[in-house]
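Working notes, structure below.
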Amino acid sequence: MHLGHVAVCDAGGRLLASAGEPSRVVFARSSMKPIQASVSLAALRDDELPVGMLAVMCASHNGEPVHIRTVSNLLRRSGLGVSALRCPADWPLDSGARARARSRRRVLHNCSGKHAGMVAASAAAGWDLETYLRPSHPLQRRVVKAVLLATGLARVELGVDGCGVPVHGMPLASMATLFARLASPERLGPIEAEVVRATSAMRAEPYLVAGRNRTDTALMREVPDLVVKSGAEGLACAAVLQTGLGVAVKIEDGGDRAAGPALIRALALLEAVDTEALARLEPFVRRPVRGGGRVVGELSADFHLRTADR
């Protein structure tokens, strides 16, 4: 059994519905990538950047050939090679891609698209390329300003993410507010236009955001009204564009296998995913549990949201 927390907020930061403890402090992990990519895009100043390259800047990709090719092309567009990446060398997330990989490589890391965008932005702005991971780097300082603007917070905690960049800690409800503001980007001031481009790219190229057998890709393919970005340790977030709501889910024990079903359950309760889409998303709604090489059970989410006035 996985326990967890849910927060649903509007762009004004009002908590509209929740489960568990919406004030639970979490690290944003990869769910921050739409904001990070928007800041990189602003520094990059490339009005003709292909949509796929922008989508992979927002990605926690599988490391499939299409992802690696897109990351490499993004770097090449800025006159850079994969040696410019400062993320750790890693194996692909996708089992098929992992079987074909001969060794760990930086470009195979699921965050290599974000790093490619950051180093390309640094090159365009004339900032140091070797130190773009440091909190003191001009790019990372701009990211923090954007995070504060997107959450409405006066400060956030800073840590180090698995890929080496600064990671931002905040209440789960603040992550929901951030995603609500992705749906209402006029509140994001200097990066409004870049956020619109980034979220549009994610919706246009959802496969590049994650890949085969991934909840983020499946949800955005089935429900074009959603912008979905999951993060490590059981975090999953979504912006509902039509209603302007932001939804953030955190699984208490960090169990990633539970985050997708929980997010879909929350979106269904909010009527952001209809019954027909739920039927098509069945493998992600009820994840199969295997034993002895066959399906012996399933993992599903079962909770209700309480509204703020209750």
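The values are calculated or read from the model by the stated rules, or taken from the named source; none is laboratory data. Quick caveat: nothing in here was measured; it's all calculated off a predicted structure. Neighbour counts are summed over all protein chains in view; Cβ atoms, including those assigned to glycine, are modelled from backbone coordinates with ideal geometry. Quick note on the areas: whole protein, heavy atoms, side chains included, nothing else; ligands and nucleic acids left out. Shrake-Rupley method; radii C 1.70, N 1.55, O 1.52, S 1.80 Å.
Data overview
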read-out: Whole-angstrom gap from the stretch 199-258 to the stretch 66-87, using each part's C-alpha centre; value: 24
read-out: Sites Val160 and Ala89 - FRET efficiency at Förster radius 25 Å, r taken between beta-carbons, to 0.05; value: 0.90
read-out: HN-Hα J in Hz across the stretch 103-112 - Karplus 6.51, -1.76, 1.60, θ = phi - 60°, x for Gly and Pro; value: 6, 5, 9, 4, 5, 7, 4, 5, 9, 5
read-out: Signed unit charges on C-beta, dipole axis of the stretch 231-290, positive-most listed residue Ala232, Val249, Ala272; value: Ala232
read-out: Heavy-atom accessible area per residue - the stretch 18-63, 1.4 Å, Å²; value: 30
read-out: Other-chain or far-sequence residues with amide H under 5 Å of Glu298's (modelled H); value: Val289
read-out: Ser95 accessible area, assembled protein chains, probe 1.4 Å, Å²; value: 80
read-out: Cα-centre dipole for the stretch 75-124 with unit charges at Cβ (Lys and Arg positive, Asp and Glu negative), debye to 20; value: 140
read-out: Relative contact order (percent, whole number), the chain, Cα cutoff 8 Å, 6+ residue spacing; value: 24
read-out: Accessible area in square angstrom per residue, the stretch 65-127, 1.4 angstrom probe; value: 45
read-out: Note, ³J(HN,Hα) from phi for the stretch 141-158, Karplus 6.51, -1.76, 1.60, rounded to Hz, x at Gly and Pro; value: 5, 5, 4, 4, 4, 5, 5, 5, 5, 6, 9, x, 8, 7, 7, 10, 6, 10
read-out: Largest to smallest accessible area among Lys250, Lys229, Lys145 [probe 1.4 Å]; value: Lys145, Lys250, Lys229
read-out: Positive-end extreme of charge dipole, the chain - chosen from Leu281, Val66, Thr131 (charges on Cβ); value: Thr131
read-out: Within the chain: Cβ-based charge dipole about Cα centre, in debye rounded to nearest 20 (Lys, Arg +1; Asp, Glu -1); value: 860
read-out: Set of lysines near Lys114 by C-alpha distance (under 21 Å), chain-local residues within fewer than 8 positions excluded; value: Lys33, Lys145, Lys229
read-out: Order by protection proxy (mean Cβ within 10 Å, highest first), peptides 259-269, 10-20; value: 259-269, 10-20
read-out: Rounded accessible area of Asp128 (nearest 10 Å², 1.4 Å probe); value: 80
read-out: The chain, accessible surface, carbon-and-sulfur percent (1.4 angstrom probe); value: 49
